[in-house]
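The structure appears right after this line, and notes come after that.
Just so it is clear, none of the values below were taken in a lab; they were calculated from the coordinates. Because the structure is a prediction, the values reported are computed rather than measured. Reconstructed Cβ throughout: ideal geometry from the backbone, glycine too, with neighbour counts over all protein chains shown.
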Amino acid sequence: MQVTVAPSSLGFDESRLSYIKDWMQRYVDQEIFPGSSIVINRSGKTVFAHKTGFRDVEAQKPWEYDSLCRIYSMTKPIVSVALMTFYERGLIHLDQPLSDFVPEFANPQVLVKDATSLDQTEPAENCPTLHQLFTHTSGLTYGFNGGVLGEAYEKHDYNFMPHKDSLEAATKKLAEMPLLFEPGQRWNYSVSTDVLGRVLEVVSGKPLNEALQEQIFDPLEMNETTFGVQAEDTDRFATLYGPHRDGGMRVLDHAGKSPYMAERVKTFSGGGGLISKLSDYLSFAEFLRRGSQGETSDILSPHTIRLMTSNQLPGDIASMGPATFSETPFTGVGYGLLGWSTLNPILARISGSVGDYGWGGMASTYFWVDPKEDISVVFFTQLAPSSATTSRREMRASVYQALA
């Protein structure tokens, strides 16, 4: 990946950009991250790119810009954008009930307050809407969120892992579970975007992988973003690590044995199943940045991109849900239709601008777009869970301090 313009010509201090290299190297030297890569664009031109460390620490294989990585929840913005192409065609609307596409959700049950077992339910007043799925106010959850319902998700494997059922079958099974709360009442991170992936299948008439290929990957030339790594690309597939209790890292998912190898993938998870490389995801981030600046594309109009990247909640996330999630503060941070939207960086205690937006993945990958500063940033590594470090706050500080 090549820097295409002198950083100083677009307002970056080149000497201060070196702080980012030092920060990345510390994470590798301290055996927190195996390796990592970052790219920063401003006004569509690359002002900084750097890589360090290893994609396979044990084999000492260097981290490369084209290393293939599990992007987990950074799949969500891609699926959201793809579904909104059908919104622009008038084939869906945001207040449409989920049951229009997945009839099994027509009469959901919801857990009563302070329920201690799954049978303590009552009929929900409403079926979740597409808007509530986009904004994670649907009443769905994740197994790792815990509680009675989270434990049931874990027990019955309702987390849309790649080696299980088809997306259609997995979504129908999920409909057997009660909701955590009445749709629209709270913000709760969940498998909502996995369900939107099934909606996309129904609306497009194609499997999710084919729908994304047609709507997103082909137009943006994201040629190596897929739901599974091909055998010939195994060597480029980075190993996933986690913190070791005695310090350092431990292997969580080795490339050759991974459930994300193409021949093993059965479930196309719209919430967390994609594999990608740095330049591919930069193409997606740049598409959003251009739309944020008013440039029209064949995928979505600037009006729709602004809708998707604006806060859709009555207030910040903290007013409807947790004050922090993973290691990210949610005071002063709203949620749009594809990820966070910063309302007040001072309240959020992060470097940034009002209106910047983006999202991250469980393996500590991260991206954001700042329309005010006209920048897009993508960071890849493979360390799970992302809550193990405060890397995202530190990264943002390192990027913004380099702006003159």
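Run the quick spin-label model on residue 346 and residue 15: label points 7 Å from Cα toward the beta carbon, then report their separation in nm to one decimal.
Result: 3.1 nm between the two label points.
Within 10 Å, count the other beta carbons around each residue, average over each peptide in 127-133, 149-155, 269-275, and list them highest first. Could the numbers behind the result be given before it?
Details: 127-133: 22.3, 149-155: 17.1, 269-275: 27.0.
Result, highest mean first: 269-275, 127-133, 149-155.
Points 7 angstrom from Cα along the Cβ direction at residue 310 and residue 173: gap in nanometres?
4.0 nm
Translational diffusion coefficient of the range 215-329 at 4 °C, 1.567 mPa s, Stokes-Einstein with Kirkwood Rh over Cα pairs, in µm²/s as a whole number.
On the way: Rh = 17.4 Å.
Value of D from the Cα-based Kirkwood radius: 75 µm²/s.
For residue 58 and residue 144, what does the FRET efficiency come to when R0 = 35 Å and r is the distance between their Cβ atoms, rounded to the nearest 0.05?
With R0 = 35 Å, the Cβ-Cβ based efficiency is 0.80.
Residues in the range 53-93 near a label at residue 4, defined as backbone nitrogen under 19 Å from the 7 Å Cα→Cβ point?
Flagged as within label range: 65-66.
Write down Rg/Rh for the range 161-268, rounded to two decimals, with Rg from the C-alpha atoms and Rh from the Kirkwood relation over Cα pairs. Please report the intermediate quantities before stating the final value.
Details: Rg = 17.0 Å, Rh = 16.4 Å.
My calculation of the ratio gives 1.04.
Calculate, axis by axis, the spread of Cα positions in the range 106-211 along the three principal axes, and write the results as whole Å, longest axis first.
42, 27, 21
In nm, to one decimal, how far is the modelled label at residue 234 from the one at residue 157, with both set 7 Å along Cα→Cβ?
2.2 nm
With r defined as the distance between the Cβ atoms of residue 86 and residue 126 and R0 fixed at 25 Å, what FRET efficiency is calculated, to the nearest 0.05?
Numbers: r = 22 Å, r/R0 = 0.89.
Efficiency at R0 = 25 Å is approximately 0.65.
Rounded, prolate or oblate for the range 42-103? Axes are the square roots of the Cα gyration tensor eigenvalues, ordered a ≥ b ≥ c, and the cut-off for rounded is a/c under 1.5. Don't skip to the end; give the middle numbers.
Numbers: a/c = 5.51, a/b = 2.11, b/c = 2.61.
It comes out oblate by the Cα gyration axes.
Compute the label zone of residue 387 within the range 138-159: residues whose backbone N is under 13 Å from the point 7 Å along Cα-to-Cβ.
Residues passing the 13 Å test: 142-147.
What does the extension gain come out to for residue 397 and residue 214, with contour length at 0.36 nm per residue minus their alpha carbon separation? Numbers along the way, then the final one.
Details: separation 183, 0.36 × 183 = 65.88 nm, distance 3.65 nm.
The span from residue 397 to residue 214 would gain 62.2 nm if fully extended.
Rg and Dmax of the range 1-120 over Cα atoms: what are they, in angstrom?
In Å, with Rg to one decimal and Dmax whole: 23.0, 63.
Highest mean first, what order results for 367-375, 14-22 on Cβ atoms within 10 Å? It would help to have the intermediate numbers written out before the result.
Details: 367-375: 21.3, 14-22: 15.0.
Those peptides, ordered most packed to least, come out 367-375, 14-22.
If you filter the range 201-258 for trypsin sites (Lys or Arg not before Pro), then keep DSSP loop positions with at most 14 other Cβ within 10 Å, what is left? Don't jump to the answer; show the numbers that get you there.
Details: sites: 236, 245, 250, 257; in loops: 245.
In loop regions of the range 201-258 (DSSP not H, G, I, E or B), the sparsely surrounded trypsin sites (Lys or Arg not before Pro) are 245.
For the range 57-148, what class follows from the C-alpha gyration tensor (a ≥ b ≥ c being the square roots of its eigenvalues): rounded when a/c is under 1.5, otherwise prolate if a/b is larger than b/c, else oblate? Walk me through the intermediate numbers first.
On the way: a/c = 4.01, a/b = 1.43, b/c = 2.80.
In terms of gyration-tensor shape, oblate.
Which residue, 338, 240, 91, tops the fluctuation ranking in a GNM of the chain built on C-alpha contacts under 10 Å?
Highest fluctuation of the listed residues: 91.
Please state the equivalent ellipsoid semi-axes for the range 33-187: what are the square roots of 5 times the Cα gyration tensor eigenvalues, largest first, in whole Å? Intermediate values should be presented prior to the final figure.
Working: eigenvalues 266, 97, 40 Å².
Each semi-axis is √(5λ); the values are 36, 22, 14 Å.
Can you order the peptides 183-194, 289-300 by their average number of other Cβ atoms within 10 Å per residue, highest first? Display every interim value, and only then the final one.
Values: 183-194: 22.4, 289-300: 16.9.
Packing order, densest peptide first, comes out as 183-194, 289-300.
Is any residue of the range 129-159 close enough, with backbone N under 18 Å, to a label point placed 7 angstrom from the Cα of residue 117 along the Cα-Cβ axis, and if so, which?
147-153, 155-156
Along its three principal axes, how long is the chain when you only count alpha carbons? Whole Å, largest extent first please.
On the principal axes, the chain reaches 60, 45, 39 Å in Cα extent.
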